[in-house]
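The values are calculated or read from the model by the stated rules, or taken from the named source; none is laboratory data. Being a predicted model, the structure only gives us computed values, none of them experimental. Virtual Cβ from ideal backbone geometry, glycine too; neighbours counted across all protein chains shown. SASA here: full protein model, heavy atoms, side chains in, ligands and nucleic acids out. Shrake-Rupley method; radii C 1.70, N 1.55, O 1.52, S 1.80 Å.
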Amino acid sequence: IRDVIAQRFGKHAVPDAPRAYQSKSKNAQEAHEAVRPTSAARHPEDVRAFLSPDQAKLYELIWRRTVACQMQAAVYDTVGAGNTFRANGSTLIEPGFIAVYLEGRDESNDDDNDKKLPILTVGDVLPLEELITEQHFTEPPPRFTEASLVKTLEEYDIGRPSTYASIINTLQTREYVRLEGKAFHPSDTGRIVSTFLTQHFTNVVDYEFTARLEDDLDAISRGEREWVPVLDQFWVPFSELIEEKSSLDRKDVMQARVIGVHPVSGKPMSARMGRFGAFVQIGEKEDADKPLFASLRPGQSISTITLEEALVLFQLPRDLGVTNAGEKMSVNVGRFGPYVKYGSQYVSLKKEDDPYT
């Protein structure tokens, strides 16, 4: 690899000694680190003709990462100028491994702050051409992306490289989160499940508990511990906790949110989660009259829906008129989505059909 780097990028790109890397993750198997080109001299362009387009992309990724890991670090010249006012910037002097491989970023504006400045020497007087005033507000931490979530799991020693994909897949298939762009946003179900687990199964979802159990499983795999006592140690208190929590009222778990009072009936209106998804309710189960229900529309959340938005939901079922045969037609939303009813017949609407319009 060092010979290839010297030939293609010059001797200055080769470090004094081969680079050796230490695994950050305890007990990590790092099996993917065994994936290497059979020879670094086989450049991606040389083998592209023998591979399918997808194979060529994969080989190029492996080749670039392999070669980059044995190259010099990139060198930037960072400059700051100013007295009353300030100008900062940096310039890439030696690309190092960046000439071969620059790892993808989650945020496209990561490098927006790297501004180029002209060559300066100490004592230069700079003319003020433009003064930019900026106001900064404290922002919450950015939402997790797939990459930043995996990085956090590694920091807490939760899971292994072989399990990260299944963890992320479970979050999405169970609809605990939705992916907007590259960022994960919690769904109503995700918020409820998270709150329920942190309130009632605090020790099980504790970071240290998860990491400690991973250590126990690793010890079993190495033959240092017996698996039955380890499982007993976990299962006995866990099964007792499940038994204790089985009497919880569904109403307490679902975290209904009162959003206001119905302007006609004067009954309270609340948003909550049911067996078939999120909905809005007028009245209470204890009332003499049966409560009225309406499902939330796609994109709406029980944590943010307003009274005005909730009232619109009760426009369904909407009367569409009468067919040529004299049968009444209406549109509504049911368990399986929006539908049209005419006479005694039910017909599902397409995804793009809006029952409100």
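Under 5 Å between amide hydrogens, built in the peptide plane, is the criterion, and for Gly334 it picks out Tyr339 among residues at least 5 positions away or on other chains.
Between the amide H of Ile259 and those of Met269, Ser270, Ala271, distances stay under 5 Å, these residues lying 5 or more places away or on another chain, with hydrogens modeled in the peptide plane.
Look at where the Cα atoms of the range 280-328 and of the range 161-222 average out, and the two centres are 34 Å apart.
If R0 equals 25 Å, the separation of the Cβ atoms of Leu120 and Asp46 corresponds to a calculated FRET efficiency of about 0.05. Using a probe radius of 1.4 angstrom, the carbon and sulfur fraction of the accessible surface of the chain is 53%. Within straight-line reach of Lys11, meaning a Cα separation under 17 Å, sit the following aspartates and glutamates at least 8 residues removed in sequence or on another chain: Asp3, Glu94.
With contacts taken as Cα pairs under 8 Å at a separation of at least 6 residues, the chain carries a relative contact order of 7 percent.
Counted residue by residue at 0.36 nm each, then reduced by the alpha carbon distance between them, the extension gain from Leu61 to Glu94 reaches 9.7 nm. Considering only Leu197, Phe238, Leu213, whose Cα is most displaced toward the positive end of the charge dipole of the range 189-246, charges sitting on Cβ of Lys, Arg (+1) and Asp, Glu (-1)? Towards the positive end, the residue furthest out is Leu197. Positive-end ranking of Pro44, Pro317, Leu248 along the dipole of the chain, with charges on Cβ about the Cα centre, is headed by Pro317. Convex hull of alpha carbon positions in the range 198-310: directionally averaged projected area 10.3 nm². Solvent-accessible area per residue in the chain equals 73 Å², computed with a 1.4 angstrom probe and all protein chains kept. In summary, the aspartates and glutamates within cross-link reach of Lys267, defined as a Cα separation below 16 angstrom excluding same-chain residues under 8 places away, comprise Glu284, Glu286, Asp287, Asp289, Glu308.
Placing pseudo-labels 7 Å out from each Cα toward the beta carbon at Gln172 and Ser265 gives an inter-label distance of 4.0 nm.
Normalising the Debye intensity of the chain to I(0), with uniform scatterers on Cα atoms only, and taking log10 at q = 0.14, 0.15 Å⁻¹ returns -1.26, -1.34. Between the beta carbons of Leu320 and Ala288, assuming R0 = 35 Å, the FRET efficiency works out to 0.65 to the nearest 0.05. Please check: in the Gaussian network model of the chain (C-alpha springs, under 10 Å), which one of Thr304, Thr38, Thr202 has the largest mean-square fluctuation. Looking only at Thr304, Thr38, Thr202, the largest GNM fluctuation is found for Thr38. Label positions at Asp252 and Ala87, each projected 7 Å from the Cα along the C-beta direction, are separated by 6.5 nm. Step through the table entries Lys290/Lys350; Lys151/Lys182; Lys251/Lys290; Lys251/Lys285, compare each Cα-Cα distance with 20 Å, and write down the pairs that go over it. In this structure, Lys290/Lys350 lie more than 20 Å apart at Cα.
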